[in-house]
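The values are calculated or read from the model by the stated rules, or taken from the named source; none is laboratory data. It should be emphasised that the depicted structure is a prediction, and the values quoted were computed from it without experimental measurement. Quick reminder, even Gly has a Cβ in these numbers, built from the backbone with ideal geometry, and neighbours come from all protein chains shown.
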Amino acid sequence: MEVELIPVDPAQNYTLFVTSPVDTHLRPRVAAALMKRQNPPAEQVAFVTAASPLPRMEMMGGEFCGNASRSFGMISAMEQNLTTGKVMVGVSGCAHPLEVEVDLSANSARVQMPLHKTLHQLEINGHSVPVLVFEGLCHAVLECAPDAALAQQVIRQISAGFVTDAVGVIFLQHDPLYITPVVYVPATDSTVWEHSCGSGSLAAALWMALCRPQNGLQRYSIAQPGGMLEIDLKVEDGRISAAWLGGPVTIGIPQTLTIDL
């Protein structure tokens, strides 16, 4: 099977945007085949669908992804010959269009992010772990060093207790602020220790803001294995009312690959 794609690097959260049509039921298999190749490298795969009326992309498991959303905004801006400004895009895992602010000269993009819908506490080894439930995914925030066995345990417990398109385990460390993100996508049965994670960065920032509420615009510069992402939170009357994710994006050269399904 031949697929046309654009490789994208948003803070090393390597994403392949498949631009040729792929039937929905084939997408998990196509994504798995592309990720297995690792040439070009891929932590996740997105599928560009027919614009109706906005440019739209859908992630490999129907989940939401912040890095892919802002990357898709940059791709859409390039197609519209827009070097700076704002574009609207539709993405999986989010019921409403998202606004992406792009600056091609700076290789950066910033997207307004959907906020979490609910907050739960998960009991893990006698400790209470916050789980932020978004439309399209759940993120657990663990304030400890990365632990592979613990990540798998949390993924199993969230998968058993929540219906979701993706599960994230975000290991959060302080001084300096640093996250190590792990993401599991049930549709492709893939677990990836990601170089960066936009929604995971948001989950970490939301949890910190909820623990220490402070009105105004709060900025969190969150380092991770692939670089730095910026989260801005707007807090009014002790309530988080809006959030944005920003950071670097590099768009690669379009390619055509042949894969076996």
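A few points about this structure:
- Entry remark, region 9-25: residues being within 21 Å of the chain's Cα centre (by Cα), on the phi < 0 side of the Ramachandran plot and either part of a loop (DSSP other than H, G, I, E, B) or in contact (Cβ under 8 Å) with a residue 40 or more places away in the chain (or both) number 7 in total.
- Residue that is nearest to the chain's Cα centre (by Cα) [pool: residues in region 184-215 that are free of Cβ contacts under 8 Å to residues at least 60 places away in the same chain and under 21 Å from VAL111 (Cβ atoms)]: ALA205
- Within region 50-81, being touching a residue at least 24 places away in the same chain (Cβ under 8 Å), closer than 22 Å to ASP23 by Cα and not small (Gly, Ala, Ser) holds for LEU54, PRO55, ARG56, MET57, GLU58, MET59, MET60, GLU63, PHE64, CYS65, PHE72, ILE75.
- Residue check for THR180: at pLDDT below 95 and of a type in the set (Val, Ile, Thr): no
- Selected residue (only one of VAL89, VAL30 is among the β-branched types (Val, Ile, Thr), at pLDDT 95 or above, in a strand (DSSP E or B) and closer than 21 Å to PRO10 by Cβ): VAL89
- Some residue of region 140-148 being within 30 Å of VAL87 (Cβ to Cβ), at pLDDT 95 or above and part of a strand (DSSP E or B): no
- Of the listed requirements (1) assigned to a loop (DSSP other than H, G, I, E, B); (2) in contact with a strand residue (DSSP E or B) (Cβ under 6 Å, 6 or more places away or on another chain), ASP175 misses just one: (2).
- Candidates PHE72, PHE64 - the one that is in a loop (DSSP other than H, G, I, E, B), closer than 20 Å to ASP9 by Cβ and not charged (D, E, K, R): PHE64
- Test for ALA33: is it of a type in the set (Gly, Ala, Ser) and either more than 27 Å from LEU245 (Cα to Cα) or more than 18 Å from the chain's Cα centre (by Cα) (or both): yes
- Flag for GLU236 being over 19 Å from the mean Cα position of the chain (by Cα) and among the charged types (D, E, K, R): yes
- Test set (1) over 20 Å from GLY226 (Cα atoms); (2) free of Cβ contacts under 8 Å to residues at least 40 places away in the same chain; (3) in contact with a His (Cβ under 7 Å, 6 or more places away or on another chain) - HIS127 fails condition number: (3)
- Residues satisfying the stated conditions in region 181-221, i.e. assigned to a strand (DSSP E or B) and under 25 Å from MET35 (Cβ atoms): PRO181, VAL182, VAL183, TYR184, VAL185, SER190, THR191, VAL192, TRP193
- Considering residues of region 82-98 that are in contact (Cβ under 8 Å) with a residue 24 or more places away in the chain and surrounded by fewer than 21 Cβ atoms within 10 Å (Cβ to Cβ) only, the residue farthest from LEU229 (Cα to Cα): ALA95
- Of all residues in region 222-261, those being of a type in the set (A, V, I, L, M, F, W, C) and assigned to a loop (DSSP other than H, G, I, E, B) number 4.
- Hey, VAL102 buried (at least 22 other Cβ atoms within 10 Å of the Cβ), touching a helix residue (DSSP H, G or I) at 6+ places or on another chain (Cβ under 8 Å) and farther than 23 Å from VAL183 by Cβ or not: yes
- Verdict on ASP237 being outside the structural domain of ASP103 (by TED's automatic domain parsing) and exposed (fewer than 13 other Cβ atoms within 10 Å of the Cβ): yes
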